[in-house]
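The values are calculated or read from the model by the stated rules, or taken from the named source; none is laboratory data. This one's a predicted model, so the numbers in the text were calculated from it and none came from an experiment. Note: ideal-geometry Cβ built from the backbone for every residue, glycine included; neighbour counts use all protein chains shown.
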Amino acid sequence: MGRCVGLGRCGGVLGGQGGLGSSTPSSLQVIFKVLDPSIPVADPYSPDIQDLLRVTNLRVNLTKLHTLGDNLLDSRREIREKYYYALYELVLRGNCFCYGHASECAPLSRAPATADGMVHGRCVCEHHTQGLNCERCEDFYHDLPWRPAEGSSTNACRRCDCNEHSRRCHFDMAVFLATGNASGAVCDGCQHNTMGRRCHLCKPFYYKDPSKDLRDPAVCRACDCDPGGSLDGGLCDGADDPARGLIAGQCRCKEHVAGPRCDRCKPGFFGLSATNPQGCQRCQCDPRGTVAEGGRCDPVSGECFCKRLVTGRNCDQCLPEHWGLSHDLPGCRPCDCDVGGARNNLCAVETGQCQCRSHVVGRQCGQVEPGFYRINLDHYTYEAEDARLHQGSVVEREPPTDHPASWTGTGFARVLEGGWVEFHVSDVPFSTEYDVIIRYEPQHPEPWQEVRVRVLRPSPVSASSPCGNTIPADDQLSTSLPSGARYVVLPQPICLERGVSYTLRLELDCATARQDPTASVLIDSLVLLPRYSSLEMFIAGDPSSMERRETFERYRCTQPFHTAGPSPVAEPCSSLLHSLSAILHDGALPCLCDPQGSLSAECQPQGGQCRCKPNVVGRRCHRCSPGTFGFGPGGCRAPAPLTSCPQVRGRTLWEPGAGLRAALPALPLP
């Protein structure tokens, strides 16, 4: 229904099922607009308005005429009939419906030939939309939801950002809402081992190479994790994330595993194994014996790193010949067992107690048991007055009271020119070489020129015996007795064997160049001095034995035992003599103090001298001193002044002043 007056403006109503409109007559034309200008429409492209404008069929009904008002003056029918109209042309103008995403339309495929002004049915879409009506976004432009254009806002579809790893995507409203309506694209079919809604993550078992751009096809590299030491089958951190402590490519290690590849055990652990849920075993290192902090061990074998004197897989044992595992820098202490007092250099690992020889005590076996002693080097002294004499006599001498005696035993044997003294030796403690020392007192100002010592053996020396290298010439030694000396050491040692009895004959031939039947010399004793240079403790060749020998020689440890009487012994010599004595006797010797002549059953540890009662002498305190008699529980008694004293155990009488005793029968006690 429409109304128009002349060429002026006219209004009309589009009846039927149409909507309201306005008309403007022009050249006897009526133009109907769907949207009347009087209707306020803020956005003609809004979905609601677009739905109103959508037309599928059009019907035009001419139902009413607009008169000029004369019908009001005359209501006759013929008056109305003089009004007529003619519809000679109907032009319907419209446009294809593109939701504001196209500025033109194109023919549909297989559409009929077109005429000028014909409205086509396919939108030529813009804003990355597609479809006949631009009703959806183009492929790979789904980062925003599709929307019709709104006024000046095109609401263009936005390209998906898949970082060049995919050409397919779709819109996900849940993602769009989760991002605060910023982005809703989800990439499909990510390539190059990528994943994620934007293909911005690496797949499991791959990680982002920090040195490459995210769009690089090689940005995701395979994890290089040791399957034995990593969690989740070798999964690694996909990208750097300082806030979470993640490092791209860093493997996720088991509890006791470390390293970029999880291919090594943490400090303090060892034995990487795929079957171990924790990856590695804890080191079992004893902290006292290891040098590494935290109980570290070899990460493969589990061997601990031991201190210098510690051994064992777990560094829980001292090296042989060491003891006392502790936190000290070396870890253990050397046993330092006495080379002679102990059977070896092994000791108890807890206490350090060495394995001592018989009757030797102390942790290092450096002392003797009470009631036992270690010898002086001249322990094997054989008194001339107790020996067998030829052309000689025994001279007893009373010991001085104001200073030590310069001789041993009870006196001397006075031997004339051409005489000899035979010493019986049956107590050789150890098979080795011995230096022979002759102690004497010269009786003339001239030296005794010809002196020989002969070794009389009970049988020839076996080649397999310790003295198997001895030849007959070795058993005959020559020397002289200087007049200004009190002892002489024979130039060559003699070899003696344990368990064999020997006779050593001291022959005094010509005293001077001219024969003198009255010439004599006082022989004190013959000493067998074990030759230190023949003992293993000094010649083994190891640094310790070389040091012992150097010490023994530097302090001249044999020198004090050349002469009779006490001589001071340097402290370094004392410990070496203890070792030497223990080797010779396989331990310590019993004191064997005479119960009648001694004050105690114990003796001095060095030398074995017992504590004698008055007028009693001898190492064992077993006889009266010269000039006394009556050996008993009270010691020995001195004789009355200016009278002769019967010698109870001797075979002679002592003559004061003369110092000489003749062979007489023994006298009974008065």
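Just to be sure I understand, how many residues within the range 32-88 are under 21 Å from residue 99 (Cβ atoms), at pLDDT 70 or above, not β-branched (Val, Ile, Thr) and not in a loop (DSSP other than H, G, I, E, B)?
Selection size over the range 32-88: 1.
Among the residues of the range 494-539, what is the count of those that are part of a helix (DSSP H, G or I) and either on the phi > 0 side of the Ramachandran plot or not small (Gly, Ala, Ser) (or both)?
Adding up the residues that qualify gives 5.
Output yes when any residue across the range 602-615 is without any contact (Cβ under 8 Å) to a residue 24 or more places away in the chain, in a loop (DSSP other than H, G, I, E, B) and under 48 Å from the mean Cα position of the chain (by Cα), and no when none is.
No, the range 602-615 contains no residue that is without any contact (Cβ under 8 Å) to a residue 24 or more places away in the chain, in a loop (DSSP other than H, G, I, E, B) and under 48 Å from the mean Cα position of the chain (by Cα).
Just to be sure I understand the filter: pairs with C-beta atoms under 6 Å, separated by 6 or more residues or on different chains, first member in the range 247-262 and touching a residue at least 40 places away in the same chain (Cβ under 8 Å), second member aliphatic (A, V, I, L, M) and assigned to a loop (DSSP other than H, G, I, E, B). Which pairs pass?
From the range 247-262, the pairs are 248/239.
Please determine whether any residue of the range 260-276 is at positive phi, part of a loop (DSSP other than H, G, I, E, B) and hydrophobic (A, V, I, L, M, F, W, C).
Yes, the range 260-276 contains at least one residue that is at positive phi, part of a loop (DSSP other than H, G, I, E, B) and hydrophobic (A, V, I, L, M, F, W, C).
Might you let me know whether the range 400-413 holds any residue that is within 18 Å of residue 606 (Cβ to Cβ), assigned by TED's automatic domain parsing to the domain that holds residue 438 and either surrounded by fewer than 18 Cβ atoms within 10 Å (Cβ to Cβ) or of a type in the set (S, T, N, Q) (or both)? Lay out the reasoning, then the answer.
Just the residues of the range 400-413 that are within 18 Å of residue 606 (Cβ to Cβ), to begin with: 404, 408.
Subsequent filtering for residues that are assigned by TED's automatic domain parsing to the domain that holds residue 438 retains 404, 408.
Imposing the further condition that a residue be either surrounded by fewer than 18 Cβ atoms within 10 Å (Cβ to Cβ) or of a type in the set (S, T, N, Q) (or both) reduces the set to 404, 408.
Looking for residues that are within 18 Å of residue 606 (Cβ to Cβ), assigned by TED's automatic domain parsing to the domain that holds residue 438 and either surrounded by fewer than 18 Cβ atoms within 10 Å (Cβ to Cβ) or of a type in the set (S, T, N, Q) (or both), one finds at least one in the range 400-413, hence yes.
Please work out if residue 465 is over 59 Å from the mean Cα position of the chain (by Cα), more than 14 Å from residue 421 (Cβ to Cβ) and touching a residue at least 12 places away in the same chain (Cβ under 8 Å).
It is false that residue 465 is over 59 Å from the mean Cα position of the chain (by Cα), more than 14 Å from residue 421 (Cβ to Cβ) and touching a residue at least 12 places away in the same chain (Cβ under 8 Å).
Residues in the range 519-535: is at least one within 60 Å of the chain's Cα centre (by Cα) and of a type in the set (Phe, Trp, Tyr)?
yes
Run down 351, 311 and say which single residue is β-branched (Val, Ile, Thr) and touching a Cys at 6+ places or on another chain (Cβ under 8 Å). Working first, answer last.
Details: 351 fails: touching a Cys at 6+ places or on another chain (Cβ under 8 Å).
Going through 351, 311 in turn, the sole match is 311.
How many of the residues making up the range 119-149 are of a type in the set (Asp, Glu) and over 21 Å from residue 160 (Cβ atoms)?
0
Filter the range 144-169 down to the residues that are of a type outside the set (A, V, I, L, M, F, W, C) and over 60 Å from the mean Cα position of the chain (by Cα) and list them by number.
145, 147, 148, 150, 151, 152, 153, 154, 155, 158, 159 - these are the residues of the range 144-169 that are of a type outside the set (A, V, I, L, M, F, W, C) and over 60 Å from the mean Cα position of the chain (by Cα).
Are any residues in the range 94-117 modelled with pLDDT of 70 or more and in contact with a Gly (Cβ under 8 Å, 6 or more places away or on another chain), and if so, which ones?
Residues satisfying the conditions are 96, 105, 107, 108.
Restricting to the range 343-370, what's the tally of residues that are surrounded by 17 or more Cβ atoms within 10 Å (Cβ to Cβ), in a strand (DSSP E or B) and within 33 Å of the chain's Cα centre (by Cα)?
3
Residue by residue, here is whether (1) under 30 Å from residue 325 (Cβ atoms); (2) not hydrophobic (A, V, I, L, M, F, W, C) holds:
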residue: 237; (1), (2): no, yes
residue: 241; (1), (2): no, yes
residue: 245; (1), (2): no, yes
residue: 254; (1), (2): no, yes
residue: 260; (1), (2): no, yes
residue: 266; (1), (2): yes, yes
residue: 272; (1), (2): yes, no
residue: 282; (1), (2): yes, yes
residue: 287; (1), (2): yes, yes
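Just give me the residues in the range 429-466 being closer than 24 Å to residue 508 by Cα and of a type in the set (A, V, I, L, M), in sequence order.
Correct list: 436, 437, 438, 451, 453, 455, 456.
Condition first: crowded, with 16+ Cβ neighbours inside 10 Å and hydroxyl-bearing (Ser, Thr, Tyr). Now tell me which residues in the range 185-217 satisfy that.
Within the range 185-217, 194, 206, 207 qualify.
Do we find a residue being outside the structural domain of residue 607 (by TED's automatic domain parsing), out of contact with any Ser or Thr (no Cβ under 9 Å at 6 or more places or on another chain) and aromatic (Phe, Trp, Tyr) anywhere in the range 321-336?
Among the residues of the range 321-336, not one is outside the structural domain of residue 607 (by TED's automatic domain parsing), out of contact with any Ser or Thr (no Cβ under 9 Å at 6 or more places or on another chain) and aromatic (Phe, Trp, Tyr), which makes the answer no.
Collect the residues in the range 496-525 that are under 20 Å from residue 581 (Cβ atoms) and not hydroxyl-bearing (Ser, Thr, Tyr), keeping them in residue-number order.
496, 497, 498, 499
Could you tell me which numbered condition residue 328 fails, if it satisfies all but one of (1) assigned to a loop (DSSP other than H, G, I, E, B); (2) at pLDDT 95 or above?
(2)
Need the failing condition index for residue 232 against (1) modelled with pLDDT under 95; (2) in contact with a strand residue (DSSP E or B) (Cβ under 6 Å, 6 or more places away or on another chain), just the number.
The single condition residue 232 does not satisfy is (2).
Being out of contact with any Pro (no Cβ under 8 Å at 6 or more places or on another chain) and under 20 Å from residue 486 (Cα atoms), is that true of even one residue in the range 453-471? So that I can check it myself, show each step before the final result.
First, the residues of the range 453-471 that are out of contact with any Pro (no Cβ under 8 Å at 6 or more places or on another chain): 453-471.
So of that shortlist, the ones also under 20 Å from residue 486 (Cα atoms) come out as 453.
Scanning the range 453-471, I find at least one residue that is out of contact with any Pro (no Cβ under 8 Å at 6 or more places or on another chain) and under 20 Å from residue 486 (Cα atoms), so the answer is yes.
What single numbered condition from (1) over 21 Å from residue 493 (Cα atoms); (2) under 50 Å from the mean Cα position of the chain (by Cα); (3) not basic (Lys, Arg) fails to hold for residue 411?
(2)
Quick check on my filter: what residues within the range 213-227 are touching a Cys at 6+ places or on another chain (Cβ under 8 Å) and either at positive phi or in a loop (DSSP other than H, G, I, E, B) (or both)?
Scanning the range 213-227 gives 219, 223, 224, 225, 226.
Residue 144 - would you say it is over 30 Å from residue 220 (Cβ atoms) and either touching a residue at least 12 places away in the same chain (Cβ under 8 Å) or out of contact with any Pro (no Cβ under 8 Å at 6 or more places or on another chain) (or both)? Before the answer, list the steps.
Values: over 30 Å from residue 220 (Cβ atoms): no; either touching a residue at least 12 places away in the same chain (Cβ under 8 Å) or out of contact with any Pro (no Cβ under 8 Å at 6 or more places or on another chain) (or both): yes.
Judged against the criteria, residue 144 is not a match.
What do you reckon, is residue 543 touching a strand residue (DSSP E or B) at 6+ places or on another chain (Cβ under 9 Å) and surrounded by fewer than 13 Cβ atoms within 10 Å (Cβ to Cβ)? I'd like the intermediate steps shown before the answer.
On the way: touching a strand residue (DSSP E or B) at 6+ places or on another chain (Cβ under 9 Å): no; surrounded by fewer than 13 Cβ atoms within 10 Å (Cβ to Cβ): yes.
So residue 543 does not fit the description; no.
Mind listing whichever residues of the range 379-395 are in contact with a Ser or Thr (Cβ under 7 Å, 6 or more places away or on another chain) and either surrounded by fewer than 22 Cβ atoms within 10 Å (Cβ to Cβ) or on the phi > 0 side of the Ramachandran plot (or both)?
381, 382, 383
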